[in-house]
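Participant: Next up is a structure, given as structure tokens.
The values are calculated or read from the model by the stated rules, or taken from the named source; none is laboratory data. All of these numbers come straight from a predicted model, not from anything done at the bench. Please note: Cβ atoms are built from the backbone with ideal geometry, for glycine as well, and neighbour counts cover all protein chains shown.
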Amino acid sequence: MSQSPGDGPERVPDWDAFSGDDAQPPGPELAALLGSAVADLSQLDDGQLLAAGSAARRLQAHAGYLELMAVAEFARRREEQLEASKARGDKVRSRDGEYPAEELGFEMTATGYSAAILIDMAQNVVGRLPSTLAGMAAGKIDRDRARAISNATLHLPDELAETADKILAEAAPEIRLADLQQKAARLEVRLDPEGVQRRKDEAKQDRRVELRRENSGAASLAGRELDPAEALAGKASIDAEAVRLRNAGLTGTLSQIRSIVLMDRIHQRSPWDRLAPLPEPESGLPDDPHHGAPYYLDPYEDGQFPDAGDDDEDDDEDEGRPAGFAGGPPPGSPGDRTGSKTPMPALINITVPAGTLLGWSNAPADVGSWGLMDAEAVRDLIEGASRHPRTRWCYTLTGQGGEAIAHACARGSRPWLPPQASRDSPLGPGAAQLAQLLTQLNATPEPIARRTGDHGRREDRYTPSRKLKHLIRARTARCCAPGCGAQAITSEIDHTVPYPAGATCEDNLDPACQRHHHAKHAPGWKLEQTEPGVMRWTTPSGRTYTTRPTQYEE
């Protein structure tokens, strides 16, 4: 290894300290040795590289131990504060020490839910699992293995948790994580079968369907906390039908055909119709009028939809059957064999970079809480959503930094009929079609305040108008708390300074999920809006965190 003049004798790493039975315990000395050893990786042989990686993993496990110790002590102090507040009989909206997970989530830049899971794990490992804690301190049990042990013991009585801790901590360093998880699950059932069954029954109350985005950009749709027998029977039924379809001539792998069967059943279509020839469409797919422009589209839950018209007028002028809706079976219905997407109610918000008017942007689509989606998939989604009578259209203009600078809402239902643009347009066919679409929406953009006192969008009432709500949600698309993933459309529009001391205006409104809305009223919490959409949070620990308006594109 290289040595600079005056540095003194070069420190030669003791490779026996990096791995093996006599390895150096994780701590500052091992970290210094490892840093010295990897200063020039080209000087290490293969065995030394593996030993360095082993030392790094032990340091990582030890770092997990340090984190759990700190989190457990933090949670203990907040619990003491909360109990003291209850003992005093404080009559307040939010008590002292009531929001430790939200406070920790700010520091982690994570949701309060994720922070709460970490708190539960830290309290369980530090307070009830001494063998697992010692294994982490020694660098033998990493955080993933510690989590597997904690999950299996979290609900066990103390004496049973102690027994499981000794068995699992001894096995953890020598077996795969998946094997440890299975061993922990079997041990939990053996130690507390009644408790496991009780929790399984309770989990049935949380049965749900979840939609998630895959890393590839595709989707996964899953039922959670289902009855095992019903789920296995359902999977077997799909498998059997997929085999019959393949034998009948449907192309694709069995895995691909299974997914076809699943989605066709959900949409009440027959996958067997795919074996018969479909009539040729009169014309091909229309050009995408939004090519290159990002979108924000979100379906609304439980049939609740924000209105998007003038502030105090009903927005029901087009609530009937949408104009241009073709006769015959509705798209996506059991009788539909056209492949049309199933209509669903949505708020379609086209996010348009201001530079689009001068050139063209190739930014990918941004579909609300879903994330990035390719242009073809977005076109299909919008084509289906636009046919639903409750769907509404908006568009948001963004500046050079990607922040929203103006927002417009179109009134009424507007089925999507792609405009035909000239291929000779100097801006290209996509930009020209987008311009035609915005013209058809017939909505005037309302400027969004960017500096305090920018313009006079102020209302003399507590509940902001629909237009003002839209401006706030266009400016900040998620809850304004650090790390929170709650969509603004499902969050409350909160007065930063409570009304009437604080005005109902863009300078004093922000979207906040219910949990963070309540947290800001707890002792020790403080929220300031230093500029429109720039939110500075101060937590009871005295630490400050700042969030800013949404950047729709980099």
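Participant: Can you name the number of the only condition in (1) under 30 Å from E29 (Cα atoms); (2) modelled with pLDDT under 95 that P130 fails?
Facilitator: (2)
Participant: Kindly indicate which of E194, E159, E174 is surrounded by fewer than 14 Cβ atoms within 10 Å (Cβ to Cβ), out of contact with any strand residue (DSSP E or B) (no Cβ under 6 Å at 6 or more places or on another chain) and under 21 Å from S54 (Cβ atoms). First the steps, then the outcome.
Facilitator: Details: E194 fails: under 21 Å from S54 (Cβ atoms); E159 fails: under 21 Å from S54 (Cβ atoms).
E174 is the lone residue from the list that is surrounded by fewer than 14 Cβ atoms within 10 Å (Cβ to Cβ), out of contact with any strand residue (DSSP E or B) (no Cβ under 6 Å at 6 or more places or on another chain) and under 21 Å from S54 (Cβ atoms).
Participant: To continue, here is another question. Restricting the first residue to the range 18-33 and requiring it to be surrounded by 13 or more Cβ atoms within 10 Å (Cβ to Cβ), which pairs with a second residue that is among the hydroxyl-bearing types (S, T, Y) meet a Cβ separation below 9 Å and a spacing of at least six or different chains?
Facilitator: Pairs that qualify, where the first residue is surrounded by 13 or more Cβ atoms within 10 Å (Cβ to Cβ) and the partner is among the hydroxyl-bearing types (S, T, Y), are F18/S54; S19/S54; A23/S54; P26/Y65.
Participant: Sticking with this structure for a sec: Does G47 satisfy the criteria of being surrounded by fewer than 17 Cβ atoms within 10 Å (Cβ to Cβ) and either on the phi > 0 side of the Ramachandran plot or part of a helix (DSSP H, G or I) (or both)? Explain how you work it out, then say what you get.
Facilitator: Working: surrounded by fewer than 17 Cβ atoms within 10 Å (Cβ to Cβ): yes; either on the phi > 0 side of the Ramachandran plot or part of a helix (DSSP H, G or I) (or both): yes.
So G47 passes the test.
Participant: Sticking with this structure for a sec: With respect to D494, determine if the residue is of a type in the set (D, E) and part of a loop (DSSP other than H, G, I, E, B). Walk me through how you get there before you give the answer.
Facilitator: Working: of a type in the set (D, E): yes; part of a loop (DSSP other than H, G, I, E, B): no.
Against the criterion (of a type in the set (D, E) and part of a loop (DSSP other than H, G, I, E, B)), D494 does not qualify.
Participant: Got a sec? Which of L211, L245 is in contact with a Phe, Trp or Tyr (Cβ under 9 Å, 6 or more places away or on another chain), in a helix (DSSP H, G or I) and under 30 Å from D273 (Cα atoms)? It would help to see each step written out before you state the result.
Facilitator: Values: L211 fails: in a helix (DSSP H, G or I).
None of the other options fit; the residue is L245.
Participant: In addition: Considering only residues that are outside any loop (DSSP other than H, G, I, E, B) and of a type outside the set (D, E), look in the range 497-512 and name the one that is farthest from K469 (Cα to Cα).
Facilitator: It comes out as A512.
Participant: Name the residues in the range 532-554 that are in a loop (DSSP other than H, G, I, E, B) and either in contact with a helix residue (DSSP H, G or I) (Cβ under 6 Å, 6 or more places away or on another chain) or basic (K, R) (or both), would you? Please lay out each step first, then the result.
Facilitator: Of the residues in the range 532-554, the ones in a loop (DSSP other than H, G, I, E, B) are 532-533, 539-543, 548-550, 552-554.
G533, T539, R543, R548, P549, listed by residue number.
Participant: Looking for something in a strand (DSSP E or B) and surrounded by 21 or more Cβ atoms within 10 Å (Cβ to Cβ) - is there at least one such residue anywhere in the range 458-473? Spell out the reasoning first.
Facilitator: Pass one, the range 458-473, residues in a strand (DSSP E or B): 458-459.
Add one more test, that the residue is surrounded by 21 or more Cβ atoms within 10 Å (Cβ to Cβ), and what stays is none.
No; the residues of the range 458-473 include none that is in a strand (DSSP E or B) and surrounded by 21 or more Cβ atoms within 10 Å (Cβ to Cβ).
Participant: Within the range 10-37, which residues are modelled with pLDDT under 85 and part of a loop (DSSP other than H, G, I, E, B)?
Facilitator: E10, R11, V12, P13, D14, F18, S19, G20, D21, D22, A23, Q24
Participant: Go over the candidates R147, R77 one by one and state the one that is free of Cβ contacts under 8 Å to residues at least 40 places away in the same chain, part of a helix (DSSP H, G or I), within 23 Å of the chain's Cα centre (by Cα) and over 28 Å from R548 (Cα atoms).
Facilitator: Details: R77 fails: within 23 Å of the chain's Cα centre (by Cα).
Selected residue: R147, the only one of R147, R77 that is free of Cβ contacts under 8 Å to residues at least 40 places away in the same chain, part of a helix (DSSP H, G or I), within 23 Å of the chain's Cα centre (by Cα) and over 28 Å from R548 (Cα atoms).
Participant: Now, a different point. What is the one condition in (1) out of contact with any Gly (no Cβ under 7 Å at 6 or more places or on another chain); (2) modelled with pLDDT under 95; (3) part of a loop (DSSP other than H, G, I, E, B) that C480 does not satisfy?
Facilitator: Of the numbered conditions (1) out of contact with any Gly (no Cβ under 7 Å at 6 or more places or on another chain); (2) modelled with pLDDT under 95; (3) part of a loop (DSSP other than H, G, I, E, B), the odd one out for C480 is (2).
Participant: What is the number of the single condition among (1) in a helix (DSSP H, G or I); (2) small (G, A, S); (3) loosely packed, with under 13 Cβ neighbours inside 10 Å that A222 does not meet?
Facilitator: (1)
Participant: OK, next. Pick from M121, M69: which is surrounded by fewer than 21 Cβ atoms within 10 Å (Cβ to Cβ) and either closer than 25 Å to R536 by Cα or not polar (S, T, N, Q) (or both)?
Facilitator: Values: M121 fails: surrounded by fewer than 21 Cβ atoms within 10 Å (Cβ to Cβ).
Result of the check over M121, M69: M69.
Participant: Could we say that R246 is at pLDDT 55 or above, surrounded by 15 or more Cβ atoms within 10 Å (Cβ to Cβ) and more than 30 Å from W393 (Cβ to Cβ) here? Talk me through it step by step, then tell me what you get.
Facilitator: Numbers: at pLDDT 55 or above: yes; surrounded by 15 or more Cβ atoms within 10 Å (Cβ to Cβ): yes; more than 30 Å from W393 (Cβ to Cβ): yes.
For R246, the condition - at pLDDT 55 or above, surrounded by 15 or more Cβ atoms within 10 Å (Cβ to Cβ) and more than 30 Å from W393 (Cβ to Cβ) - is met.
Participant: Tell me which residues, restricted to the range 89-129, are within 23 Å of H62 (Cα to Cα) and part of a loop (DSSP other than H, G, I, E, B).
Facilitator: Selection gives T109, A110, L129.
Participant: If you don't mind, there's one more thing I want to ask. Would you call G139 assigned to a helix (DSSP H, G or I) and over 25 Å from the mean Cα position of the chain (by Cα)? Spell out the reasoning first.
Facilitator: Working: assigned to a helix (DSSP H, G or I): no; over 25 Å from the mean Cα position of the chain (by Cα): yes.
When the stated conditions are applied, G139 does not pass them.
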